[in-house]
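Here the structure is laid out as structure tokens; the discussion comes afterwards.
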Amino acid sequence: MAYVIASACIDVKDGACVKCCPVDCIYVGERTLYIHPDECIDCGVCVSACPVEAIYEDRKLPAPLRPFLAINREFFDPQVSGLGSPGGAADVGPLKCDHPSVAAWPSRKESGG
């Protein structure tokens, strides 16, 4: 995996990264975005586009955010999202699901954030 979307994206989903991704590997979940680990080409364009600084290179993911490495990878397990490796987010469209850890994450809307 090259890049990982962490907790700062939950309930924000700005989408600037989706628009600039040259390989269409950023998928829209119910509460956050996910980078497909096998489709990402490690270009880093998404990092500069993210207004909330939620995207990290996998090797530079801060320790408290390391669970998001597994969250992003596991989201594409067919048993979690039904996706597998679809080969591009545009054809899939927004999904009405999230990784269980993201689904259980405290809502920013409820906390005023």
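Taking amide H positions as modeled 1.01 Å from N, with prolines and chain starts lacking one, no residue 5 or more places away or on another chain lies under 5 Å from Glu39.
How high is the relative contact order of the chain, in percent, counting Cα pairs under 8 Å that sit 6 or more residues apart? Working shown, then result.
Working: 183 pairs, mean separation 38.2, N = 113.
Averaging sequence separation for qualifying contacts and normalising by length gives 34 percent for the chain.
Rounded to the nearest 20 debye, the dipole size of the chain about its Cα centre is 300 debye, using +1 on the Cβ of Lys and Arg and -1 on the Cβ of Asp and Glu. Here, the chain is characterised by an Rg to Rh ratio of 0.92, where Rg is the alpha-carbon radius of gyration and Rh the Kirkwood radius. Over all other residues within a Cβ to Cβ distance under 10 Å of Phe76, the charged ones net out to -3, with Lys and Arg as +1 and Asp and Glu as -1. Under 1.5 on a/c is rounded, so check that first for segment 22-67, then, if it is not, pick prolate when a/b is larger than b/c and oblate when it is not; a ≥ b ≥ c are the square roots of the alpha carbon gyration tensor eigenvalues. Rounded, since a/c falls under 1.5.
Just check segment 70-113 against the gyration tensor rule for me: Cα atoms, a ≥ b ≥ c as the square roots of the eigenvalues, rounded for a/c under 1.5, and otherwise prolate or oblate depending on whether a/b exceeds b/c. Write out the running numbers ahead of the final one.
Numbers: a/c = 3.02, a/b = 1.80, b/c = 1.68.
Prolate, because a/c is 1.5 or more and a/b exceeds b/c.
For the chain, what number of Lys pairs, 8 or more residues apart or on separate chains, have alpha-carbon atoms under 23 Å from each other? All intermediate terms of the calculation are to be shown ahead of the outcome.
On the way: Lys13/Lys60; Lys13/Lys96; Lys13/Lys109; Lys19/Lys96; Lys96/Lys109.
Close lysine pairs under the 23 Å cut-off: 5.
Bear in mind these aren't lab numbers, they're just calculated from the coordinates by the rules spelled out. Because the structure is a prediction, the values reported are computed rather than measured. Cβ coordinates were reconstructed from backbone atoms using ideal geometry, including for glycine residues, and neighbour counts include every protein chain displayed.
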